[in-house]
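**Student:** Please read through the structure below; I'll follow up with questions.
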Amino acid sequence: MAEDALLAGPAIRRLRRREGLTQAAMAARISISPSYLNLIERNRRPLSARVVMQLVEQFDFDPRSLRQDEAIGGVDGMQRRLADERFAEIDVDRDEIAEWLSAAPNAAAAFVRLFDTVGHQADGASGPLIASRREIERWRNHFADLDTMAEGMADELRLSRGDIGVALAERLRERHQLSVRILPREVMPDMLRRLDLHARQLQLSEMLEPASRNFQIALQLALLEKAENIRNIAAGARFEDAAATRLFERHLAGYFAAALLMPYGRFLRACDATGYDLQVLQRRFGTSFQQVAHRLTTLQRVGQRGLPFFMARIDRAGQFSKRFAGASGATLLESESSCPLWIAHQAFERPGDLCTQAVSIEGGGAGPRHWFTMAQTVDGSGSGGDARFVIVVGVEAKLSGDLAQARGANLREDAAQQIGLGCARCHRPDCKQRSLPPTGAGLQFDDLARGVTPFRFGEQP
């Protein structure tokens, strides 16, 4: 079936019943046969553009209601919510989710609204972060208009200039009468970037690496030249919290900056030509590992898609400070903690090395379970090594065979490292790394014997 085919049988059936029409009467109103309408209502035929226009003309009908599932992120958005630990024992697959969205979209939307509201209340101050992240997920972290605008600007800059850093600084000078000035750490001890309009300077900390300097200049260009476009996209989210709006706008500005440094078409061609070789991509585009990793999650242009990567940033305590599922369907980012057996944690012991690992997820809900993952340490921007994180990127193992970093790796699922979604959500009984029993599991005790793990447990009561 074509990717964009619109199956909306339940919505059409609800409309017909609301109007009190038989299938024959409604078919006559929209100039199709009753048998064809019957197939549409049973999701055996997609809606054509002509039929949609007839529905608009003949009835008080909003065609946006046919895509109501997009407001909750479609099947992937629902799948991520159902990966919550509260549903750990319920295995709902993608087909069931698709049927739910198709047959009862209003009920699904009500579930999502309740789930998200409860989540925001429970997380308190992190509510705006979650709301912003959910909106990014709804877009699958792909903003086509921003990509197109960034490509246009990048093409313009390359007409007469080769070095992107010089070109970006010249753009600031020519268009905005702003110069770039690098200031010592003691002058900007707690800042990376500052726009001084009085001095007509974009001031950057000397602690920034060249790739980060370029990103900050590109980010300033986004804020100066694309602010209205960014505000318009953010306004469509209709956040109730102003902080969520600002967080989402900040993400969009960073998205444009990355798209300017790594223009969509050129970047995807380079990915295909190099087997998504992360180190080559860094050198070719003058960017950092983190910037490339983030860009990999955005490659979802219609007719020009890249592999569906996820990306996360993790600290030593296993906390996620960034996570982008993109179109990957990854549920392993939904936990509040990560498994210590994952390569993301081992990478801290090998600073600067690119570490790889095939993993199989226990308790991953309805999402894919077998992944090829890559991890590398990065220092916090301008921290001079005082703050360290690990960036991890991953793609389904079945799609990773041609990756440069996967060459020679054993990608069979039975050879993958078994990991969970943190101890509280993992029900593997024999894990020697376990720190906590699974939430809700019944603990078992034996005074005559002691196992290699600190907890024995059975099924949830």
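**Student:** Go through the stretch 340-345 residue by residue and turn each phi into a ³J(HN,Hα) via Karplus (6.51, -1.76, 1.60, θ = phi - 60°); whole Hz please, and just put x for glycine and proline.
**Tutor:** Running phi through 6.51 cos²θ - 1.76 cosθ + 1.60 with θ = phi - 60° gives x, 7, 6, 4, 4, 7 Hz.
**Student:** Let's test the formula: R0 of 51 Å, r as the Cβ-Cβ distance of residue 31 and residue 148. What FRET efficiency results, to the nearest 0.05?
**Tutor:** That gives a FRET efficiency of 0.85.
**Student:** Contact order normalised by length for the stretch 166-301, with contacts defined as Cα pairs under 8 Å and 6 or more residues apart; what percent is it?
**Tutor:** Over the stretch 166-301, the number comes to 18 percent.
**Student:** Given 37 °C and 0.692 mPa s, how large is the Stokes-Einstein diffusion coefficient of the stretch 191-262 in µm²/s, with Rh as the Kirkwood radius over Cα pairs?
**Tutor:** For the chosen part, D equals 250 µm²/s.
**Student:** For the stretch 340-461, with every protein chain kept in place, what is the accessible area per residue (1.4 Å probe, Å²)?
**Tutor:** 50 Å²
**Student:** If the cut-off is a Cα-Cα distance under 30 Å, which lysines reach residue 432, setting aside same-chain residues fewer than 8 apart in sequence?
**Tutor:** Cross-link targets: 322, 398.
**Student:** Could you rank the peptides 281-287, 244-250, 349-355 by their average count of other C-beta atoms within 10 Å per residue, with the highest value first?
**Tutor:** For the peptides 281-287, 244-250, 349-355, the packing ranking is 244-250, 281-287, 349-355.
**Student:** Based on DSSP H runs of at least 4 residues, each adding -39500 (n - 2.57), what is the mean residue ellipticity at 222 nm of the chain after dividing by all its residues, to the nearest 500 deg cm²/dmol?
**Tutor:** After summing the helix terms and dividing by the residues of the chain, the value is -12500 deg cm²/dmol.
**Student:** Taking the highest mean first, how do the peptides 430-441, 408-419 order by number of other beta carbon atoms within 10 angstrom per residue?
**Tutor:** Final packing ranking: 430-441, 408-419.
**Student:** Another question, then. Please give every one of the lysines within straight-line cross-link reach of residue 226, meaning a C-alpha to C-alpha distance under 23 Å, and leave out same-chain neighbours fewer than 8 residues apart.
**Tutor:** Residue 226 reaches no qualifying lysines.
**Student:** Specify, per residue and in Å³, the volume enclosed by the convex hull of the alpha carbon atoms belonging to the stretch 307-375.
**Tutor:** Numbers: hull volume 6.2 nm³, N = 69.
Taking the convex hull of the Cα positions in the stretch 307-375, it is 89 Å³ per residue.
**Student:** In whole percent, and with a 1.4 Å probe on the protein chains, what portion of the accessible area of the chain is carbon and sulfur?
**Tutor:** 49 percent
**Student:** Let me ask you something else. Which order, highest average first, do 185-195, 230-240, 371-381, 260-270 follow once you tally other Cβ atoms within 10 Å for each residue and take the mean per peptide?
**Tutor:** 371-381, 260-270, 230-240, 185-195
**Student:** Taking only the Cα atoms of the stretch 257-371, how large is their convex hull per residue, in Å³?
**Tutor:** 115 Å³
**Student:** Evaluate the relative contact order of the stretch 158-223 (contact order divided by residue number), counting alpha-carbon pairs under 8 angstrom at least 6 apart; express in whole percent.
**Tutor:** Result for the stretch 158-223 is 30 percent.
**Student:** Using only the alpha carbons of the stretch 270-329, what is the convex hull's orientation-averaged projected area in square nanometres?
**Tutor:** The orientation-averaged projected area of the Cα hull of the stretch 270-329 comes to 4.7 nm².
**Student:** Note down the relative contact order for the chain as a percent, whole number, built from C-alpha pairs under 8 angstrom at least six residues apart.
**Tutor:** With pairs under 8 Å counted, the relative contact order is 12 percent.
**Student:** Any idea what log10 I(q)/I(0) is at q = 0.09 Å⁻¹ for the chain, Debye with uniform C-alpha scatterers and no solvent?
**Tutor:** -0.71
**Student:** Can you run phi through the Karplus equation (6.51, -1.76, 1.60; θ = phi - 60°) for the stretch 178-184 and list ³J(HN,Hα) in whole Hz, with x for Gly and Pro?
**Tutor:** 10, 9, 9, 10, 8, 10, x
**Student:** Out of residues 5 or more away from residue 300 or on other chains, whose amide H comes under 5 Å of its own, with H placed 1.01 Å from N in the peptide plane?
**Tutor:** 306
**Student:** Still on this model: How large is log10 I(q)/I(0) at q = 0.11, 0.13, 0.14 Å⁻¹ when the Debye formula is applied to the Cα atoms of the stretch 301-459, each weighted equally and without solvent?
**Tutor:** Those come out to -0.49, -0.66, -0.75, one per q.
**Student:** For the stretch 14-59, report the % of Cα-Cα distances exceeding 14 Å.
**Tutor:** For the stretch 14-59, the fraction of Cα-Cα distances above 14 Å is 46 percent.
**Student:** If amide H atoms are built 1.01 Å from N in the plane of the peptide, which residues on other chains or at least 5 residues away come under 5 Å of the amide H of residue 323?
**Tutor:** Under 5 Å from the amide H of residue 323 lie the amide H atoms of 313, each far enough along the sequence or on another chain.
**Student:** Moving to a separate point now. Using the Karplus curve 6.51 cos²θ - 1.76 cosθ + 1.60 with θ = phi - 60°, what ³J(HN,Hα) values do you get for each residue of the stretch 282-287, in whole Hz, with x for Gly and Pro?
**Tutor:** Whole-Hz 3J(HN,Hα) from phi for the stretch 282-287: 4, 5, 5, 10, x, 10.
**Student:** A further question follows. Separation of the stretch 205-251 and the stretch 406-461 by C-alpha centroid, Å?
**Tutor:** Taking the Cα centre of the stretch 406-461 as reference, the centre of the stretch 205-251 is 41 Å away.
**Student:** Run through all the Cα pairs of the stretch 199-322 and give the fraction in each 5 Å bin from 0, expressed as whole percent.
**Tutor:** 2, 10, 16, 19, 21, 18, 10, 4, 1, 0
**Student:** Still on this model: Could you give log10 I(q)/I(0) at q = 0.15, 0.25 Å⁻¹ for the stretch 401-461, computed by the Debye formula over C-alpha point scatterers of equal weight, without solvent?
**Tutor:** Treating every Cα as an identical point scatterer, log10 I(q)/I(0) equals -0.59, -1.03.
**Student:** Considering only the chain, what is the antiparallel percent among its DSSP beta bridges, to the nearest 5?
**Tutor:** Working: 33 of 41 bridges.
If we restrict to bridges inside the chain, about 80 percent are antiparallel.
The values are calculated or read from the model by the stated rules, or taken from the named source; none is laboratory data. Just so it is clear, the structure is predicted and the values come from calculations on it, not from any experiment. As a convention, Cβ positions derive from the backbone with ideal geometry for all residues, glycine included, and neighbour counts pool all protein chains shown. Side chains are part of the model used for accessible areas, which takes the heavy atoms of the whole protein and leaves out ligands, DNA and RNA. Shrake-Rupley method; radii C 1.70, N 1.55, O 1.52, S 1.80 Å.
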